[in-house]
There are 2 protein chains.
Amino acid sequence: MAKKYISIENLKFLLNEVFNIEEVLESPYYAETDTEAVNMILDAAVDISDRHLFPFYTEIDRADHTFEDGKVTIHPEIIKYIKAMGEAGFIGGSFSFEHGGQQLPQMVTAASGAIMSAANNGVVMFTGLTAGSAHLIASFGSKELKEKYTGKMLSSEWQGTMALTEPQAGSSLSDIVSSATPTDQGHYKLKGQKIFISSGDYEGTENVVHLMLARIDGAPLGTKGISLFVVPKLREDENGNLIDNDVTTAGVYHKMGQKSTPAVHYIAGDNDNCHGWLVGEPNKGLSYMFQMMNEARLGVGLMGAAIASAAYYASLEYANERPQGRKISEQSAKDKPQTFIINHADVKRMLLFQKSVVEGGLSLIFECSRYADLEMTTEDETARKRYKGLLDLLTPVAKTFPAEYGIKSVSEGMQCLGGFGYTTDFPLEQHYRDIRITSIYEGTTGIQSLDLLARKIMGTGGKSLMLLAEEVKKVTDEASTYDDLKKYVTALQEKLQDLQKVTQQLGGMAMQGKMELALADATLYMEFFSLIVISWQWLKQATVAKKAMVTGNPEGEKLKFYESKIHTMRYFFSYELPKTLGLMTRLMDKDDTLTVEVEKELIV
Amino acid sequence: MAKKYISIENLKFLLNEVFNIEEVLESPYYAETDTEAVNMILDAAVDISDRHLFPFYTEIDRADHTFEDGKVTIHPEIIKYIKAMGEAGFIGGSFSFEHGGQQLPQMVTAASGAIMSAANNGVVMFTGLTAGSAHLIASFGSKELKEKYTGKMLSSEWQGTMALTEPQAGSSLSDIVSSATPTDQGHYKLKGQKIFISSGDYEGTENVVHLMLARIDGAPLGTKGISLFVVPKLREDENGNLIDNDVTTAGVYHKMGQKSTPAVHYIAGDNDNCHGWLVGEPNKGLSYMFQMMNEARLGVGLMGAAIASAAYYASLEYANERPQGRKISEQSAKDKPQTFIINHADVKRMLLFQKSVVEGGLSLIFECSRYADLEMTTEDETARKRYKGLLDLLTPVAKTFPAEYGIKSVSEGMQCLGGFGYTTDFPLEQHYRDIRITSIYEGTTGIQSLDLLARKIMGTGGKSLMLLAEEVKKVTDEASTYDDLKKYVTALQEKLQDLQKVTQQLGGMAMQGKMELALADATLYMEFFSLIVISWQWLKQATVAKKAMVTGNPEGEKLKFYESKIHTMRYFFSYELPKTLGLMTRLMDKDDTLTVEVEKELIV
């Protein structure tokens, strides 16, 4: 078993040197938190990970979960972890003091989340979902709902879920049919089925609180007729006792990976006795849910980077310890001992690829978290809009790049181990199974790509792209002051121009009403866009490293850390950024109606 | 469960229309086989698949295999399948009559193998390994060995294996340490450990025959001191009774996928009582084994394409039946019923990608099989060398492309199903786990890539590339006669020039003695090369389809089949071939020593 799953040094580099957490902490909102407190939180995350998460990663996977006699049973260590999280106050880390939280910056909860997710991604889902659903209630619920639910959720006594997906609708939320009938007693009567509800039921929690999307009788068709309800598994009767609320678990899906987290299929109101309480106003459910979904999208991106991190360190450890073969230049020296496989160019490439994905992805997620923090704390309305615009633009990318490239990254990690990587003797095969869900959770890559191109780019008339260009310019300006970074500055500037060209062409198609065609290759656009964005993040990190080397005279491990950052940036620009060329060729190919107009009968 | 796992129509198109099996069958060697016989063999393969393989695909995976009290237990249906294969004469299909086979062309066994491997890839391993190891004995063994072993193996009474890998050596075969001590009784005494020996032991077979690499005492270091031995689990005593041969199963590896096939760790000669019989001459073992490995490499490529085929049809069926969302142009029509997901551009793209990988990969494997058939049957020595040169060049590509792109293809198949694809309710998650082994089996992608660039390209002084260019020219000449194919002819010709440029640059580095640098990006060269080779195969198929449409006036399903071929070729040229641009940029970047000279300490 690998010993390391994430680099704390890297997280601190991102927090302190790249994204300047001190600047964020200067806001009066964070007056109670200083950098020392941040370090203590990271220590606490490591402590929980090392005690409750990492040691049980494989064991919990093998145990899976069971569903018998209507009861879902999960591994007992998960229950212990959930309790520990509630006790440590981690679940409401970023909640305001008013809502019972610790009022921490998102950047800090991203860092602690990365640690725990790298240690055991599936188990972390339980508390992540409770946090997200409690945050919905805290943000939009009535005083009564807040009082009844958030406390119990933040203390981890009650499990929260997000209950969106229905069997007949899937990603198409506008086709949700679960219904809510008003009563004169303050609650609604809910009826409907939900599937894939992660941690949606299990023995060992006192209650499960579903944040459930449904239509109030007579509501408009489509997304504008969807409301949000709190639907607990057990509700309080007049005497405050918890009684059955007619939410029945019909089954659990068994999955290829993330087996720790049961994906529940539940039926509400089969006996016409399921009570739900409206959150906020009627028909605004989806806009509320989007708050949670946006947080969750960053969470899924973080999960992707974190799993890839664990796989990276597992394969790095193996590569440093496994002797096999000889260097090309020493092939004929049969009597020499074998070299460690890390000395083979192809293995170095696979390791650098992983490092570039993990640390590039984490950097983007920290960037987004910083925008979220600044958006909330700035008092300048123009600045606030700018941060919001950037966060909106980059959220689908910060979800998708660590998912899609994380999947490839773990695969390269497995490949470093050869046949051993495919066996259950090493954790790579589990990382490989686990991470595959990240390109599906919270909107598939196809959905994220449409969000990016249609809503975030075209929907803002290209303004968001201008905001991004300004952010990139800050980095290229700084990087240009170092001679050996200039080559990469030029490369990034050129790619940014390419991005504008491609975007203009697609925008032009859309203006001509050819919307179907303009969006047909949105998924390719996402990859194209992501590679440029991650190059920006790498140049940013390399510039900080360069500056530290020039001004600080670091030595030993510290020097190697910075050199490795610059080296990995070079890798990304040399091996990954050129992939934009092929993508651009396809995206600029006006003529083609390959995937739009082809009849389905031609796909046989 | 999906109903279709492979297209028989496509296999017949490849055999009859693209690769002209009739020409091969004209050889006197195949006098006993005609096209009717070929069709009967395909029918028999479908029959065995439908009875013994496809229905048990999931069940056998779930059962895995067990190892208790030294005994390996596999699913009973596997035993029935093996028996059926022996009875049907499938194991020795391509063996000569002299060796008890059916003397069939490789193209035909590739077609029947594709069917069965698509139906249940892991189970097919058992008979594939018996065939490969029996073929080694038939080709290089003494008359006595042949008499004792091949009959029992072709009838499926005895299981065969290829026993190469050792714990301390892995891919580095020159570091094998298993030893063989001569005796004066005709046999050697074997001692050593082998790991990852697929189907290396199980209850239900009468005997297991390991084709084991080992060093005769005093043999030279490196690959030139390796000999090949027949080492049965049970050997005959003087009375012809089978007795223990001191080959002990120490354990089985449990794997992420292909769980049907136990990967055995065995120890030979622990009690100094393991007899082995030399195959052919001493110290030539590796050259013999390469025959089997080359066949096996095509077999692994075929497995990749076959698994991707099963995943493709499972996702195609789902996409045709699953309503979800609305087309972009109909987004506002909330009251309209949902459309089938195959009508979404992104889903079409994912399906076309899969089809292009499956049918492009199969086409290349059939091309290689045709070269193998012609190499064996032609009486013209110059032609024979040409076919051999082409087969040698393309074998690592025909192994690697269907593996690496097959892995991506199955992933896109899973993505078509969204969350359902990740559950055990659909076969995609198993395809996803199963296919991942193909980039590791029979030499990892890194090893195949070094074989391609160092041995097959540089080692022939570029002659092999000239042979390939001539083959491509035959296709472009023919395709040029159709106006609407000309665009693709030009594209392929340009890419072939790019290939020559890149190859010259790398060859130049090698000539200057910078071999380590020249080979550092061999894996990228492999992908670059593969994309061009598969484009050639797609233009070939499209030209045949075009010709059939122009000359044959096909209608209905037949017309759609041809149109779909042309469409998929267009897809491959538009979406996949441009990936060469990014790869070329990296491969032409002379300056860089990114993965060669970087110290391992810089990868942290």
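Just to confirm the number: angle between the C-alpha axis of helix B:143-154 and the first principal axis of chain B, 0 to 90 degrees, nearest 10?
With rounding to tens, the tilt is 50 degrees.
Between B:LEU602 and A:SER480, what is the label-to-label distance in nm when each label sits 7 Å out along the Cα-to-Cβ direction?
Inter-label distance under the simple model: 2.7 nm.
How about A:LYS146: which aspartates and glutamates have a C-alpha closer than 17 Å to its C-alpha, ignoring those fewer than 8 places off in the same chain?
Partners within reach: A:GLU98, A:GLU157, A:GLU236, A:GLU281.
Given the Cα-Cα distance of B:ASP34 and B:THR183 and 0.36 nm per residue of separation, how much length would full extension add, in nm? Intermediate values should be presented prior to the final figure.
Details: separation 149, 0.36 × 149 = 53.64 nm, distance 4.89 nm.
Once the chain is fully extended between B:ASP34 and B:THR183, it gains 48.7 nm.
List, shortest first and in nm to one decimal, how far the label point of B:GLU557 (7 Å from Cα along Cα→Cβ) is from its counterparts in the other copies.
Result, one decimal in nm: 6.7.
With the Cα gyration tensor of chain A giving a ≥ b ≥ c as the square roots of its eigenvalues, does the rule (a/c under 1.5 for rounded; else a/b larger than b/c for prolate; else oblate) give rounded, prolate or oblate?
Cα axes put chain A in the prolate bin.
Just how far, in whole angstrom, is segment A:303-317 from segment B:381-436 if you go by their alpha carbon centroids?
Segment B:381-436 and segment A:303-317 have Cα centres separated by 25 Å.
What are the extents of the Cα atoms of the protein assembly as shown along their three principal axes, in Å, largest first?
Sorted from largest, the Cα extents of the protein assembly as shown read 91, 71, 61 Å.
Give a quick list of trypsin sites (Lys or Arg not before Pro) in segment B:521-604 that DSSP marks as loop, anything other than H, G, I, E or B, with at most 12 other Cβ atoms within 10 Å. Write out the running numbers ahead of the final one.
Working: sites: B:LYS540, B:LYS546, B:LYS547, B:LYS558, B:LYS560, B:LYS565, B:ARG570, B:LYS579, B:ARG586, B:LYS590, B:LYS600; in loops: B:LYS590.
Sites meeting the loop and neighbour criteria: B:LYS590.
Identify all aspartates and glutamates with a Cα-Cα distance to A:LYS284 below 17 Å; exclude those on the same chain that are fewer than 8 residues away in sequence.
Partners within reach: A:ASP175, A:ASP217.
Rounded, prolate or oblate: which fits segment A:444-597 when a ≥ b ≥ c are the square roots of the eigenvalues of the alpha-carbon gyration tensor, with rounded for a/c under 1.5 and prolate only if a/b beats b/c? Write out the running numbers ahead of the final one.
Details: a/c = 2.80, a/b = 2.40, b/c = 1.17.
The shape class here is prolate.
Would you mind getting me the FRET efficiency between A:GLU98 and A:GLU23? Use the beta-carbon distance for r and R0 = 35 Å, nearest 0.05.
Efficiency computed from Cβ-Cβ geometry: 0.90.
What number comes out for the charge environment of A:LYS560, summing +1 per Lys or Arg and -1 per Asp or Glu over other residues with Cβ under 12 Å away?
Details: positive: A:LYS558, A:LYS565, B:LYS600; negative: A:GLU9, A:GLU555, A:GLU557, A:GLU563, B:GLU599, B:GLU601.
That works out to -3.
Excluding ligands and nucleic acids, what accessible area in Å² is computed for A:THR183 using a 1.4 Å probe, to the nearest 10?
50 Å²
A:ASP380 to A:ALA469: FRET efficiency via 1/(1 + (r/R0)^6), r the Cβ-Cβ distance, R0 25 Å, to the nearest 0.05?
Here the calculated transfer efficiency is 0.75.
Please give the solvent-accessible surface of B:ARG455 in Å², to the nearest 10, using a probe radius of 1.4 Å with every protein chain present.
B:ARG455 has an accessible surface of roughly 140 Å² with all protein chains in place.
Any idea of B:ASP484's accessible area? Nearest 10 Å², probe 1.4 Å.
90 Å²
At 1.4 Å probe size, put B:SER227, B:SER94 in order of accessible surface, largest to smallest. Let's see the in-between values first.
On the way: B:SER227 0, B:SER94 40 Å².
Result, largest first: B:SER94, B:SER227.
Counting only protein chains, not ligands or nucleic acids, how are A:ASP244, B:ASP451, A:ASP483 ordered by accessible area (probe 1.4 Å), most first?
The ordering from most to least exposed comes out as A:ASP483, A:ASP244, B:ASP451.
May I ask for the distance between the Cα centers of segment B:448-484 and segment B:79-134, given as a whole number of Å?
Centre-to-centre distance over Cα atoms comes out at 31 Å.
Nm distances between the label at B:GLY461 and the same-position labels in the remaining copies, 7 Å along Cα→Cβ, shortest first?
Computed spacing set for this position: 6.7 nm.
Convert 25 °C to kelvin, take the viscosity as 0.890 mPa s, use the Kirkwood radius over C-alpha pairs of segment B:369-463 as Rh, and evaluate the Stokes-Einstein diffusion coefficient in µm²/s, rounded to a whole number.
159 µm²/s
At most 16 other Cβ atoms within 10 Å plus a DSSP loop assignment makes a site exposed; report the longest stretch of chain A without any exposed GluC sites (Glu not before Pro).
A:380-554
Return one number: the angle in degrees, 0 to 90 and rounded to the nearest 10, between the long axis of the Cα atoms of helix B:121-140 and the longest principal axis of the Cα atoms of chain B.
Compared with the principal axis, the helix lies near 60 degrees.
Note the angle between two axes, namely the Cα long axis of helix A:381-416 and the longest principal axis of the Cα atoms of chain A, as a number of degrees from 0 to 90, rounded to the nearest 10.
Roughly 70 degrees, rounded to the nearest 10.
Once you order the gyration tensor axes a ≥ b ≥ c over the Cα atoms, which shape class does segment B:84-175 get: rounded for a/c under 1.5, otherwise prolate or oblate by comparing a/b with b/c?
oblate
Label-to-label distances across copies for B:MET588, with labels 7 Å out along Cα→Cβ, in nm, shortest first?
1.4
What number results when the radius of gyration of segment A:516-559, computed over Cα atoms, is divided by 2.2 N^0.38 Å?
That works out to 1.92 for segment A:516-559.
How far, in whole Å, is the closest Cβ of chain B from the axis that maps B onto A, and which residue does it belong to?
Value returned for chain B: B:LEU581, 2.
Could you work out how much longer the chain between B:GLN505 and B:VAL550 gets when fully extended? Use 0.36 nm per residue separation minus the Cα distance between them, nm to one decimal.
Working it through step by step, the gained length comes to 12.0 nm.
A 23 angstrom limit on the alpha carbon distance is what I want to check against. Which of A:LYS348/B:LYS501; B:LYS388/B:LYS474; A:LYS590/B:LYS501; B:LYS385/B:LYS565; A:LYS348/B:LYS495 exceed it? List each step's numbers first, then the result.
Working: A:LYS348/B:LYS501 26 Å; B:LYS388/B:LYS474 18 Å; A:LYS590/B:LYS501 29 Å; B:LYS385/B:LYS565 32 Å; A:LYS348/B:LYS495 28 Å.
Pairs exceeding 23 Å: A:LYS348/B:LYS501; A:LYS590/B:LYS501; B:LYS385/B:LYS565; A:LYS348/B:LYS495.
Structure shown: which of A:LYS224/B:LYS336; A:LYS71/A:LYS194; A:LYS463/A:LYS514; B:LYS12/B:LYS83; A:LYS408/B:LYS3 lie over 19 Å apart, alpha-carbon to alpha-carbon?
Beyond 19 Å: A:LYS463/A:LYS514; B:LYS12/B:LYS83; A:LYS408/B:LYS3.
Using only atoms on other chains, find how many Cβ atoms lie within 10 Å of each Cβ of peptide A:428-440 and report the average. Walk me through the numbers before you get to the answer.
Values: counts 1, 6, 1, 0, 5, 7, 0, 0, 8, 3, 0, 4, 8.
Partner-chain Cβ atoms within 10 Å, mean over residues of A:428-440: 3.
Arrange the residues B:THR423, B:THR551 by how much accessible surface each exposes, largest first, with a 1.4 angstrom probe. Before the final figure, lay out each step's value.
Working: B:THR423 0, B:THR551 105 Å².
So, going from the largest accessible area down, we get B:THR551, B:THR423.
Using a probe radius of 1.4 Å on protein heavy atoms only, what is the accessible area buried between chains A and B, both sides summed, to the nearest 100 Å²?
Details: alone 25850 and 25870 Å², together 43050 Å².
By this definition, chains A and B bury close to 8700 Å².
Which residues does a label at A:LYS3 reach in segment A:402-430, if reach means a backbone N under 19 Å from a point 7 Å past the Cα toward the Cβ?
Under cut-off, by backbone N: A:426-428.
The values are calculated or read from the model by the stated rules, or taken from the named source; none is laboratory data. The structure displayed is predicted, hence computed values, not measured ones. In this analysis, Cβ positions are derived from the backbone assuming ideal geometry, glycine residues included, and neighbour counts consider all displayed protein chains. Keep in mind that these areas ignore ligands, DNA and RNA; they rest on the heavy atoms of the full protein, side chains included. Shrake-Rupley method; radii C 1.70, N 1.55, O 1.52, S 1.80 Å.
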